[in-house]
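The values are calculated or read from the model by the stated rules, or taken from the named source; none is laboratory data. Not measured: the values here are computed from a predicted model. Backbone-built Cβ (ideal geometry, glycine too); neighbour counts: all protein chains shown.
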Amino acid sequence: MNTTIFLPCTDGARLGFGGAPLGNLFQAMSDEAARSLVDVAWAEGCRSFDTAPHYGHGLSERRLGDALRAHSRSGLRLSSKVGRLLTPQAEVPREQHSYVDTLPFVQHWDFSARGVRRSVEDSLQRLGLAQLDVVYVHDMDAATQGSRAAEVFKQVLDETLPELSRLKTEGLLKQVGLGVNDHTVVEQVLRHADLDALMLAGRYTLLDQAALPTLMPELIRRKVALALGGVFNSGILATRVRADQTMMFNYAPAAKAWVDKALGIQTVCDQHGVSLRAAALQFALAHPATHLVMLGVRTPTEWQQARQAEKEPIPADFWQQLRHEGHLPEAAPVPDPTPNIERPDHD
């Protein structure tokens, strides 16, 4: 395990803390609840934390910095992102970009060298730190950028990544990566530039293995450290799948094809007495490219449930049946049912 970029939990669990809920994603939480959530994760051994200016328009960064400031800086890994700048505004809507009760800022895209430098400096001030461990270029994919995608891609290569490299040389950050929901844009960037790390959400999961054929082996070949986010695909893999209820997938109501596939996986889980959450989490961790899974939990209970899910025994014939029924491709690695197997070093 590469311990330079990501740190596993102190007991070896390969789970990190995703800071979007601290920014009041979809629903508000109090400062006290946010602090308690981070404290619980730390007490249970979590040492890798991720945030972004986008998350509550700086609220997540402020809360995470306040909660972590009492702990040894050398004993944790903290990442944030660039691509959006925040501008103060006295009157803002209660809800902005799915975040509620945000700080009084509005955001706009800025991948310029000047914008990137300001973004990193602003993040450090909100966090109360002098250095970030990883900085990701946030949401440069076509699904997010739309008609601007080609322009943004060129700017990221010409300005964003070179400026992050300069900031790395200056000591304001240690590693550079991408934070995206689209595996194809990562492959395109890797044709032109090197990356230290990647945070990929939703494209390598028990339900969606879009990144499997080409990106995952390339990450291993290039020694890019991978943190997976969105391994429950916006919740459809986190609870029981119901055909008579609206299930979320990729931040939107799930199409029937995704619900049907999830129902098929749920049926196999039921036949083997396996929780869907545990299967989803352990599948994501089983690929040798995966260093860590980042969890966007809202409560201490959700964090503890994930910790339990990583350890839940899953029989080998469960994975065999998923493959036999066509729910998993043959090429997708599955967890080794034998306990305490040493994983190969990524270094």
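Taking the stated definitions as given, is H54 at pLDDT 95 or above and in contact with a Leu (Cβ under 7 Å, 6 or more places away or on another chain)? No; evaluated as a whole, the condition is false for this residue.
Evaluate the range 281-295: report whether one residue or more is more than 15 Å from Y204 (Cα to Cα), in contact with a helix residue (DSSP H, G or I) (Cβ under 9 Å, 6 or more places away or on another chain) and surrounded by fewer than 20 Cβ atoms within 10 Å (Cβ to Cβ). Scanning the range 281-295, I find no residue that is more than 15 Å from Y204 (Cα to Cα), in contact with a helix residue (DSSP H, G or I) (Cβ under 9 Å, 6 or more places away or on another chain) and surrounded by fewer than 20 Cβ atoms within 10 Å (Cβ to Cβ), so the answer is no. Checking each residue in the range 162-203 for being surrounded by fewer than 17 Cβ atoms within 10 Å (Cβ to Cβ), of a type in the set (K, R) and under 15 Å from M216 (Cα atoms) picks out only R191. From the residues in the range 266-284 that are among the polar types (S, T, N, Q) and in contact (Cβ under 8 Å) with a residue 40 or more places away in the chain, which one is nearest to M294 (Cα to Cα)? The extreme case among them is Q282. Inclusion of L86 among residues that are within 15 Å of G23 (Cβ to Cβ), touching a residue at least 12 places away in the same chain (Cβ under 8 Å) and of a type in the set (A, V, I, L, M, F, W, C) is warranted.
For the range 116-154, the set of residues classified as hydrophobic (A, V, I, L, M, F, W, C), more than 23 Å from H183 (Cα to Cα) and surrounded by fewer than 18 Cβ atoms within 10 Å (Cβ to Cβ) consists of A130 only. Within the range 47-61, identify whether any single residue is crowded, with 21+ Cβ neighbours inside 10 Å, over 15 Å from the mean Cα position of the chain (by Cα), of a type in the set (A, V, I, L, M, F, W, C) and under 24 Å from F111 (Cα atoms), and answer yes or no. So far as the range 47-61 goes, yes, one or more of its residues are crowded, with 21+ Cβ neighbours inside 10 Å, over 15 Å from the mean Cα position of the chain (by Cα), of a type in the set (A, V, I, L, M, F, W, C) and under 24 Å from F111 (Cα atoms).
How many residues does the range 285-312 hold that are part of a loop (DSSP other than H, G, I, E, B) and without any contact (Cβ under 8 Å) to a residue 12 or more places away in the chain? Show your work before the answer.
Of the range 285-312, the ones part of a loop (DSSP other than H, G, I, E, B) are 287-289, 296-299, 312.
Imposing the further condition that a residue be without any contact (Cβ under 8 Å) to a residue 12 or more places away in the chain reduces the set to none.
Looking only at that region, the number is 0.
Select the strands (runs of 3 or more DSSP E) contained entirely in the range 15-134, then report the ones holding at least 2 residues which are among the polar types (S, T, N, Q) and touching a strand residue (DSSP E or B) at 6+ places or on another chain (Cβ under 6 Å). Walk me through it before giving the result.
Working: elements: 15-18, 48-50, 77-82, 84-88, 105-109.
Answer list for the range 15-134: 77-82.
Determine, yes or no, whether A306 is closer than 23 Å to K223 by Cβ and either under 17 Å from the mean Cα position of the chain (by Cα) or at pLDDT 95 or above (or both). Show your work before the answer.
Numbers: closer than 23 Å to K223 by Cβ: no; either under 17 Å from the mean Cα position of the chain (by Cα) or at pLDDT 95 or above (or both): yes.
No.
Looking for something in contact with a helix residue (DSSP H, G or I) (Cβ under 9 Å, 6 or more places away or on another chain), modelled with pLDDT under 90 and over 25 Å from G19 (Cα atoms) - is there at least one such residue anywhere in the range 222-232? Checking the range 222-232: not a single residue is in contact with a helix residue (DSSP H, G or I) (Cβ under 9 Å, 6 or more places away or on another chain), modelled with pLDDT under 90 and over 25 Å from G19 (Cα atoms).
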